[in-house]
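Scroll down for the structure; my scribbles are underneath it.
The values are calculated or read from the model by the stated rules, or taken from the named source; none is laboratory data. For clarity, every value in this text was computed on a predicted model and none was experimentally measured. Heads up, the Cβs are rebuilt from the backbone with ideal geometry, glycines too, and the neighbour counts pull from every protein chain shown. All accessible areas refer to the heavy atoms of the entire protein, side chains included, with ligands and DNA or RNA removed. Shrake-Rupley method; radii C 1.70, N 1.55, O 1.52, S 1.80 Å.
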Amino acid sequence: MPVTASPEISVLVPVMNEQGNIRPLIDEIAAVYAGRSFEIIYVNDGSDDGTKDVVQQYGHLVISNMINRGGGAALRL
């Protein structure tokens, strides 16, 4: 789901090397918020696999750290 102008809900998800696991999470979040205005922002925390590519295939925003800085730093970004 693309980012809307003013979503009702914003979900921040830090991810690192989750290429093989991220699809079910994306689908589950979409199911939970179905019928509501929401955005999901993924913070790619230094992944060296295709995590960013998978998330972008779903049309979600991805912010990337060049190196792994940890979940807390990812959420602060």
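Of everything in the range 1-29 that is open to solvent by less than 40 Å² (accessible area, probe 1.4 Å) and either in contact with a Phe, Trp or Tyr (Cβ under 6 Å, 6 or more places away or on another chain) or in a loop (DSSP other than H, G, I, E, B) (or both), the residue that is farthest from residue 71 (Cα to Cα) is 7. Cβ-Cβ contacts under 7 Å between residues 6 or more apart (or on different chains), taken from a first residue in the range 54-68 that is closer than 16 Å to residue 20 by Cβ to a second residue that is among the charged types (D, E, K, R) and surrounded by 14 or more Cβ atoms within 10 Å (Cβ to Cβ), are listed as 54/23. Scan the range 30-52 residue by residue and report those that are open to solvent by 20 Å² or more (accessible area, probe 1.4 Å) and either among the polar types (S, T, N, Q) or free of Cβ contacts under 8 Å to residues at least 24 places away in the same chain (or both). If the condition is that a residue be open to solvent by 20 Å² or more (accessible area, probe 1.4 Å) and either among the polar types (S, T, N, Q) or free of Cβ contacts under 8 Å to residues at least 24 places away in the same chain (or both), then 31, 32, 34, 35, 37, 47, 52 are the ones that fit.
When residues in the range 53-77 are screened for being charged (D, E, K, R), modelled with pLDDT under 90 and either open to solvent by less than 30 Å² (accessible area, probe 1.4 Å) or assigned to a helix (DSSP H, G or I) (or both), 1 of them pass.
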